[in-house]
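Okay, structure first, notes after.
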Amino acid sequence: MANRGLFITFEGMDGSGKTTQMHRLAARLRGLGRTVLETVEPGGPPVAMQIRRILLDSANQDLSPTTEVLLYFASRAQNVDQWIAPALARGEIVLSDRFTDSSLVYQGCGRGLGEESVAALERIACRGIRPDLTLLVDIDPESSLGRARARNLAQPHDETRMDDQSLDFHRKVYEAYHALAAREPERVKIVDGRADIDGIEREIWDIVGRRL
Ligand code: TYD
């Protein structure tokens with residue numbers, strides 16, 4: 001299915017600040033009069049939000065890697081069918097806080113399930129929809145874990161199952177993100193997540209402006 005609209009995804013390690021940046025980009029685009037759908041993975045539509053609860057609940061430590069990847073794609077399939085594909089067909093701009101690249105780096109590499117399993121599920125779940133542009137908000141694994149754990153302490157919540165993973169796991173994810181950016185430099189743009197928030201916003205605006 002061809003995207004009639006524009007599909008932009010945000011990727012990065014936990015605590016990279018990508019969510020804030022996505023909201024800021026949405027506000028700028030709306031300021032230009034564009035219609036923007038914002039979504040998040042795992043999540044988006046209500047059914048997908050229910051799947052999100054299973055995935056991120058720190059009580060579910062025994063979730064197997066296979067169940068985990070299937071649930072991420074179950075959430076994604078619902079998001080694609082109910083929200084993303086219809087919005088793109090209407091010619092809107094869709095912004096997603098994470099998408100298939102997250103499954104590639106966290107499950108394919110972090111969990112060691114392999115890229116082929118992720119690619120097979122993508123063929124089933126995504127109906128040919130791939131991001132036109134991906135902004136990789138880059139911070140190192142040590143800062144990522146530090147920020148995520150500080151956030152969890154400041155605002156205690158149950159959605160910490162992935163943040164509870166080891167530094168080794170997060171290092172694999174980091175390496176995989178960089179390998180992806182090297183492989184697809186036209187689509188995946190690295191943005192320095194250590195810069196100040198306004199500076200990152202401007203850099204993202206420069207990149208997106210070239211695609212509008
Ligand atoms: P969330 O609390 O939304 O964190 P963040 O703000 O960093 O996005 O949690 C999402 C977690 O799920 C995050 O640790 C990454 C992980 N994840 C995967 O492992 N695979 C996926 O396909 C997706 C979408 C997310």
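The values are calculated or read from the model by the stated rules, or taken from the named source; none is laboratory data. The shown structure was predicted, so the numbers you read here are calculated from the model rather than taken from an experiment. Every residue, glycine as well, gets a Cβ built from its backbone with ideal geometry; the counts of neighbours run over all protein chains shown. Remember, those area values only see protein heavy atoms, side chains included, never the ligands or the DNA or RNA. Shrake-Rupley method; radii C 1.70, N 1.55, O 1.52, S 1.80 Å.
Observations on the model:
- Separation of region 1-71 and region 146-174, taken as the distance between their Cα centroids, equals 17 angstrom.
- Here each label is just a point 7 Å from Cα along the line to Cβ, and for Leu70 and Ile124 those points are 0.8 nm apart.
- Estimated at the nearest 10 Å², the accessible area of Glu92 is 30 Å² with a 1.4 Å probe.
- Percent RCO, i.e. relative contact order, over region 6-211, from Cα pairs under 8 Å lying at least 6 residues apart: 32
- Accessible carbon and sulfur surface of the chain relative to its total accessible area, %, 1.4 Å: 53
- Mean separation of Cα pairs under 8 Å and 6 or more residues apart, divided by the residue count, gives region 1-93 a relative contact order of 44 percent.
- Computed Kirkwood radius, in angstrom, where 1/r is averaged over Cα pairs of region 6-211: 17.2
- Positive dipole terminus of region 6-211, leading residue within Thr160, Asn60, Ser96 (C-beta point charges): Ser96
- 1.4 Å probe accessible area per residue over the chain, in Å²: 46
- For the chain, adding -39500 (n - 2.57) for each run of n ≥ 4 DSSP H residues and dividing by the number of residues yields -15000 deg cm²/dmol at 222 nm.
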